[in-house]
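Trainee: Pasting a structure below so you can have a look.
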Amino acid sequence: MEKLVLLSYGSGGELMRELIEKDYLKYLSNPILDELLDSAVFELSGKLAFTTDSYVITPIFFKGGDIGSLSVYGTANDLAVVGAKPLFISLSFIIEEGLPIKDLHKILESISNASKGINVNVVTGDTKVVEKNKGDKIFINTAGIGVIEPNRDWRSRKVDVDDVVIVSGDIGEHGLYIMLERLGMKTDEIVKSDMGYVGSFVLPLLDNFEGIKFVRDATRGGVATVLNEIAYKYNVEIEIEEDLIPTKDWVLQASEILGIDPLYSANEGKVVIIADKSQAQDIINFLKKFELSANATIIGKIITNKKPRVYLLTKIGSRRILESLKGDILPRIC
Amino acid sequence: MSLVKTINLNSMFNYDSQSFKLFTKEIVDKIKELVGDKEYVIMEFCGTHTHEISRYALRSILPKNLELRSGPGCPVCVTAEEDIDYIINLVLENDLGVITFGDIVNVPGSVASLSYLRAMGKDVKVVYNPMESIKIAENNLNKNYVLVGIGFETTVPMLAHTLINIKQKGLKNLFYLSLHKLTPPATIALLNSNEVKLDGIIGPGHVSTIIGTKAWEDIAYKYKIPFVIMGFEPQDMLFGIYVLLEKIINKEYGVWNTYLRSVRYEGNKTALDLIFKVFRISSANWRGLGIIPDSGLELNDEFKEYDVKLRFPLTKEIKVRKTACRCGDVLRGAIKPYECPLFAKACKPSSPKGPCMVSSEGSCAAYYLYEMN
């Protein structure tokens, strides 16, 4: 019989101790976690960034990653975009009873690889098991802490007219791929999530360019929603050009079939950057050196600071408003 | 001989982006020339056309005196309040689980929506593919489910296929509610009402792929109005509008097909056969248009055992509460979305008061998202 996660694994007793000591430590061991105290204890100094997120994706395993690596990268990305180097994360598993233990191992292994790859440590965690049908296989809640070096803190820089809008690469992949997967469609190898750690290029970028004024990862709601957030935050009108937006052919095809605009589709390894016009081309040249931002492109600019609004110049040359995502395009994709 | 004339647009799609813009400019100039200072009203029946017209801001580049009116071509939007109320009562009285498609769960009935029911803890499942309903029913054999089938001629074949599979598997706990609607009878009802004077009609591309251009011929001749069937790319629509204007100005009527990539005179025979293997024509209740004879589909005798209305008759009579939502008027083209007092105030895509604001094909949602200048 296949070994399954049972309710008793979350009860705090012997089985849970076994799970923590055998499985969690095997994959995630580090000096802070290994102490197995009720809290992780460590020293940090400087300006800190602190974030939290929850991951409830279906399916839990997908091309390009799984719920484990997604929770590590997603948390680290939220830290990196504000200029913080991610250091520590917490993981809280809410497991639906009946999850195969081998799936839990696969997720732990993926968390281990992802966190080692970007040099963060999982320092504390928790596990609860809920009855069958009270959850959906596994939910992961995380928190993350990082340190912001003063030169990487872009928050006080003034976003203004003529600043350029940059996307760090081809848009819309994660959301559209997950949608296809959930529809049960068979897809080619190239059709997959774009999940990745954006700190790999965002942090060096911030070290080299003072003209970076805003960075946000374009997850749920996609690029269109981030642009609207920027318009409202800084009370600016933004204009982007449909022809300039980097988009893979399969994304365009899938968006045609599903009726979902890639501008609203989630990304898991792409950021929107607002940058000073004078450094724009150098920033693009710099970003092109990194694998994850090799297709970085200027897609538009800030045109006025009179009211919060985003416009799209369409491929036929007309212009319309680009709203943020309203309602749902797809439940639970990240 | 067929009177349907055809124009080949296929060569138009290898253009680079610069040529796209040039083409747009040229065709828009030609349209402006044709329109001159006269006023014309043309209607797009299909919700996808409505959405694309707004998405590409076609109104902003076309002459103001050429009015594009949206018709009742959004399948979610035309679902009557009574039908949503019926599903809600069905669930409350018989504890049926509901299986349906995306948008419909957010459509308000006169009391609540299905998503409200789901939040109350009732079993409301949204599937992407209707065949998933079979798996759900098989995995929950001691619960009864109703699969809510909505959609025009385009969607019906997929659901007919599902019903054939349900029957083959002999499932006893999955029933069907047909809210399907047929487009030509609704077009006739609109033209009969004479509420809006239409000069020409933008014929639906997807629906015509199934039913063929021939399905529109009698209507075009009886009402002496030109139909031009168009694809959904902006250049398809601009070119189609140009052709339609030419016909209007030359006082020609009939059906012209500019969507040759997909639409044939006879339609798709396989799909049509599939539909009528399972369904037969019946009347249907349209939001805004009321009951239109021969505009719906019900299960035929062979599939009657799956008809949820026969299996679970309601004990209570449904009384629809009147709301201030003017979706019905919008669907008939009698008012434009922004002429409804609720538009963009009490009614937004995030808190819709009527289905025209729910569905991405709904004209209120399209206006709200793309044309709120």
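Trainee: Could you report the range B:36-139's accessible area per residue, 1.4 Å probe, as an integer in Å²? Write out the running numbers ahead of the final one.
Mentor: Details: 3530 Å² over 104 residues.
Averaged over the residues of the range B:36-139, the accessible area is 34 Å².
Trainee: Quick check on the range A:7-151: of the DSSP beta bridges with both residues there, what percent are antiparallel, nearest 5%? The partial results should precede the final answer.
Mentor: Working: 22 of 31 bridges.
Roughly 70 percent of the beta bridges in the range A:7-151 run antiparallel, per DSSP.
Trainee: Just give the residues from the range B:230-272 buried by at least 10 square angstrom of accessible area in the all-chains context relative to the isolated chain, probe 1.4 Å, and say none if nothing qualifies.
Mentor: By number: B:E233, B:P234.
Trainee: Dividing the Cα convex hull volume of chain B by residue count, how many Å³ per residue is that?
Mentor: 148 Å³
Trainee: Per-residue accessible area for B:M237 at 1.4 Å probe radius, Å² rounded to 10?
Mentor: 0 Å²
Trainee: Please compute, for peptide A:305-316, the average count of beta-carbon atoms on other protein chains lying within 10 Å of each residue's beta-carbon. Don't jump to the answer; show the numbers that get you there.
Mentor: Details: counts 0, 0, 0, 0, 2, 0, 2, 4, 2, 10, 8, 17.
Averaged over the peptide's residues, the number is 4.
Trainee: Quote the charge dipole size of chain A about the Cα centre in Debye, to the nearest 20; the model charges only the Cβ of Lys and Arg (+1) and of Asp and Glu (-1). Display every interim value, and only then the final one.
Mentor: Values: 39 positive and 48 negative charges, 128 e Å.
Dipole about the Cα centre, nearest 20: 620 debye.
Trainee: Counting only helical runs of four or more DSSP H residues, what would the 222 nm mean residue ellipticity of chain A come to if each run contributes -39,500 (n - 2.57) and the total is spread over all its residues? Walk me through the numbers before you get to the answer.
Mentor: Details: 10 runs with 95 residues, N = 334.
Computed mean residue ellipticity for chain A: -8000 deg cm²/dmol.
Trainee: For the range A:7-151, I need the span (max minus min coordinate) of the C-alpha atoms along each principal axis, in Å, sorted largest to smallest.
Mentor: Per principal axis, max minus min of the Cα coordinates gives 49, 34, 23 Å.
Trainee: In the Gaussian network model of chain B, springs joining C-alpha atoms below 10 Å, which of B:Y223, B:Y253, B:Y40 carries the largest mean-square fluctuation?
Mentor: Maximum among the listed residues: B:Y223.
Trainee: Looking at the square roots a ≥ b ≥ c of the eigenvalues of the Cα gyration tensor of the range B:276-373, which shape do they give, rounded for a/c under 1.5, prolate if a/b is larger than b/c, or oblate? Working shown, then result.
Mentor: Numbers: a/c = 2.58, a/b = 2.06, b/c = 1.25.
It is prolate, given that a/c is not under 1.5 and a/b is the larger ratio.
Trainee: Chains A and B: how much accessible area gets covered up at their contact, both sides added, probe 1.4 Å, in Å² to the nearest hundred? Write down the numbers at each step before the final one.
Mentor: Values: alone 15540 and 16750 Å², together 30310 Å².
Rounded to the nearest hundred, the buried surface is 2000 Å².
Trainee: Let me ask something additional. Going from most exposed to least, what order do A:R220, B:R264, B:R280, B:R321 have by accessible area with a 1.4 Å probe? The partial results should precede the final answer.
Mentor: Values: A:R220 170, B:R264 125, B:R280 85, B:R321 145 Å².
Sorted descending by solvent-accessible area, the residues read A:R220, B:R321, B:R264, B:R280.
Trainee: A further question follows. Rounded to the nearest Å, what's the spacing between the alpha carbon centres of the range B:123-172 and the range B:226-303? Just the number, please.
Mentor: 25 Å
Trainee: Same structure, new question: Given a 1.4 Å probe and heavy atoms of the protein chains only, how would you sort B:E26, B:E298, largest accessible area at the top? Let's see the in-between values first.
Mentor: Numbers: B:E26 115, B:E298 70 Å².
The ordering from most to least exposed comes out as B:E26, B:E298.
Trainee: In whole angstrom, note down how far apart the Cα centers of the range A:219-289 and the range A:92-129 are.
Mentor: Centre-to-centre distance over Cα atoms comes out at 31 Å.
Trainee: For the range A:7-151, with the dipole built from +1 on Lys and Arg beta-carbon atoms and -1 on Asp and Glu ones, taken about the Cα centre, which of A:S45, A:L87, A:N151 lies farthest toward the positive end?
Mentor: A:N151
Trainee: At q = 0.13, 0.18, 0.19 Å⁻¹, what log₁₀ I(q)/I(0) does a Debye calculation on the Cα points of the range A:164-321 give, no solvent, two decimals?
Mentor: For the range A:164-321, the Cα-only Debye profile gives -0.58, -1.09, -1.19.
Trainee: For the protein assembly as shown, what % of the accessible area comes from carbon and sulfur atoms, probe 1.4 Å?
Mentor: Working: 15360 of 30310 Å².
Taking all protein chains in place, the protein assembly as shown shows 51 percent carbon and sulfur surface.
Trainee: What is the antiparallel percent of DSSP beta bridges lying wholly in the protein assembly as shown, to the nearest 5? All intermediate terms of the calculation are to be shown ahead of the outcome.
Mentor: Details: 53 of 97 bridges.
Close to 55 percent.
Trainee: Among DSSP beta bridges whose residues both lie in chain B, state the antiparallel percentage, nearest 5. If you can, show how the numbers build up before the last one.
Mentor: Values: 10 of 40 bridges.
Percent antiparallel among DSSP bridges in chain B is about 25.
Trainee: For a protection proxy built on the mean count of beta-carbon atoms within 10 angstrom, sort A:148-157, A:280-289 highest first, please. Show your work: numbers first, answer last.
Mentor: Values: A:148-157: 14.1, A:280-289: 16.0.
Ranked from most to least packed, the peptides come out as A:280-289, A:148-157.
Trainee: Now, a different point. Mind listing the long-range amide H neighbours of A:I298? Cut-off is under 5 Å, sequence gap 5 or more, other chains count too, H placed in the peptide plane at 1.01 Å from N.
Mentor: When sequence neighbours closer than 5 places are left aside, there are no close amide H contacts.
Trainee: Another question, then. Only Lys, Arg, Asp and Glu count, each charged at its Cβ (+1, +1, -1, -1), so figure out the dipole size of the range A:7-151 about its Cα centre, rounded to 20 debye. Spell out each step's value before the answer.
Mentor: Numbers: 13 positive and 19 negative charges, 77 e Å.
Rounded to the nearest 20 debye, it is 380 debye.
Trainee: Restricting to Cα pairs below 8 Å that are 6+ residues apart, what does the relative contact order work out to for the range A:7-151? Please round to a whole percent.
Mentor: Details: 254 pairs, mean separation 55.4, N = 145.
About 38 percent, as a whole number.
Trainee: Report the Cys residues of chain B lacking a disulfide-compatible partner, meaning no second Cys Cβ under 4.7 Å from their Cβ.
Mentor: Singleton cysteines: B:C46, B:C325, B:C340, B:C347.
Trainee: Where the only charges are on Cβ atoms (+1 Lys, Arg; -1 Asp, Glu), what is the dipole of the range A:164-321 about its Cα centre, to the nearest 20 debye? Kindly include the intermediate steps, with their values, before the conclusion.
Mentor: On the way: 19 positive and 22 negative charges, 120 e Å.
Rounded to the nearest 20 debye, it is 580 debye.
Trainee: Of A:K134/B:K316; A:K132/B:K122; A:K63/A:K102, which ones are farther than 23 Å apart at the Cα? Numbers along the way, then the final one.
Mentor: On the way: A:K134/B:K316 33 Å; A:K132/B:K122 17 Å; A:K63/A:K102 18 Å.
Too far apart for the 23 Å limit: A:K134/B:K316.
Trainee: Moving on to the next point. Take each of the peptides B:307-319, B:358-370, average the number of other beta-carbon atoms within 10 Å over its residues, and list them starting from the highest. If you can, show how the numbers build up before the last one.
Mentor: Working: B:307-319: 13.0, B:358-370: 26.2.
Peptide ranking by packing, descending: B:358-370, B:307-319.
Trainee: Under a 1.4 angstrom probe, counting protein chains only, how are B:E67, A:E131, B:E52, B:E39 ranked by accessible area, largest first? Working shown, then result.
Mentor: Details: B:E67 45, A:E131 95, B:E52 25, B:E39 150 Å².
Heavy-atom accessible area, descending, gives B:E39, A:E131, B:E67, B:E52.
The values are calculated or read from the model by the stated rules, or taken from the named source; none is laboratory data. The structure displayed is predicted, hence computed values, not measured ones. Methodologically, a virtual Cβ is constructed for each residue, glycine included, from the backbone with ideal geometry; neighbour enumeration extends over all protein chains shown. With ligands, DNA and RNA removed, areas are computed over all heavy atoms of the protein, side chains included. Shrake-Rupley method; radii C 1.70, N 1.55, O 1.52, S 1.80 Å.
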